[in-house]
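Working notes, structure below.
Every number in this text was worked out from the coordinates using simple rules, so none of it is lab data. For clarity, every value in this text was computed on a predicted model and none was experimentally measured. With ideal geometry, Cβ positions are generated from the backbone for all residues, glycine too; neighbour counts draw on all protein chains shown.
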Amino acid sequence: MLSSPPWRAVGTLAGVVGPAVVALLVWVVAAPRSELLSVGGGRGLRLPESGADGGSQLLMLIVLLGAAVVCAVLSLWHRHPGLRRPGGVPVLVLLPGLTCSVTAAAASPVAALLAPTAENAPYGTVVAQPPTAGALFFDRMIYGTTGPSWDWFPPGAGWLAFGAMIAAFTVAALAHVSHSSELRDGVEDVDGLDRVRPESVSLDGVPPESVSPNRPD
């Protein structure tokens with residue numbers, strides 16, 4: 001029953017989206033936050049060197065989503081052996097990258113929903129703000145320094161490029177260490193055993209194509 005298409009699709013969805021959801025929740029809970037000194041009326045003053053706004057929040061999200069992309073590639077690699085062929089590499093690279101981009105776009109709204117700032121904090125109370133994640137590579141402010149703004153790139157393009165890059169490195173590493181018969185030439189899997197095709201076997205060290213049919217024994 002578990003091998004039926006609906007269960008297989010649900011397992012694949014959980015293997016790709018699940019790590020990204022876990023990474024997002026960990027980021028919301030564990031990411032450093034900037035702090036405000038409440039002056040009442042839902043307003044506050046930013047405290048100098050309080051929390052870690054921007055750079056470290058972004059860096060933590062990069063690490064978590066990078067690990068989520070690796071987990072997604074491992075899941076696809078294990079559950080769908082057909083994707084190990086060259087034609088399946090774009091799926092192995094782009095699907096985790098797209099998941100990474102969508103998760104990064106939802107990170108700030110989800111953090112504001114799950115860890116909102118106290119609106120009615122009394123005067124003089126230190127209030128922590130929810131973590132925020134900006135665009136990657138193409139944002140106006142990266143790690144607290146002013147950088148170029150390339151507005152012709154669509155939102156999330158940097159996160160898509162980052163996720164696809166990590167996925168490509170993971171696929172390359174898996175292909176390098178894999179013992180799957182689908183990644184080798186001249187080998188076919190028979191009853192779970194790797195066997196060499198007869199036409200690829202040489203006789204007395206001579207390639208098959210050079211063996212004469214009239215050769216004496």
Cα→Cβ-extended label distance, 7 Å offset, between LEU94 and VAL29, nm: 3.5
Contour minus Cα-Cα distance for ALA9 and ARG85 (0.36 nm per residue): 25.4 nm
Label-to-label distance, nm, for residues given as PHE169 and ALA106 (7 Å Cα→Cβ offset): 2.5
